[in-house]
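Comments concern the structure below.
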Amino acid sequence: MHLRKLGGLVLLAFAAFYAITNPTEAADFIRTIASGIGSFASELATGDNS
């Protein structure tokens, strides 16, 4: 259990470091992820399977 919590903290620290040192790339990454989630949700809502 403790190892899992430590892994989460390490991942969070790495994400914060990346966002601070490369803000443009981090923003593009988040934008891409959000766009993918939005497309997925839209396809679920409309039932479009193409």
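The values are calculated or read from the model by the stated rules, or taken from the named source; none is laboratory data. Everything quoted here is computed from the prediction, not taken from an experiment. Reconstructed Cβ throughout: ideal geometry from the backbone, glycine too, with neighbour counts over all protein chains shown. The protein model used for the area step is the full one, side chains on, heavy atoms only, and it has no ligands, DNA or RNA in it. Shrake-Rupley method; radii C 1.70, N 1.55, O 1.52, S 1.80 Å.
Miscellaneous remarks
- Of all residues in region 35-50 being aliphatic (A, V, I, L, M) and modelled with pLDDT under 95, the one that is most open to solvent (accessible area, probe 1.4 Å): 44
- Pairs, first farther than 19 Å from residue 30 by Cα in region 2-20, second modelled with pLDDT under 95, C-beta under 7 Å, six or more apart: none
- Yes/no for residue 13 being touching a helix residue (DSSP H, G or I) at 6+ places or on another chain (Cβ under 6 Å) and assigned to a helix (DSSP H, G or I): no
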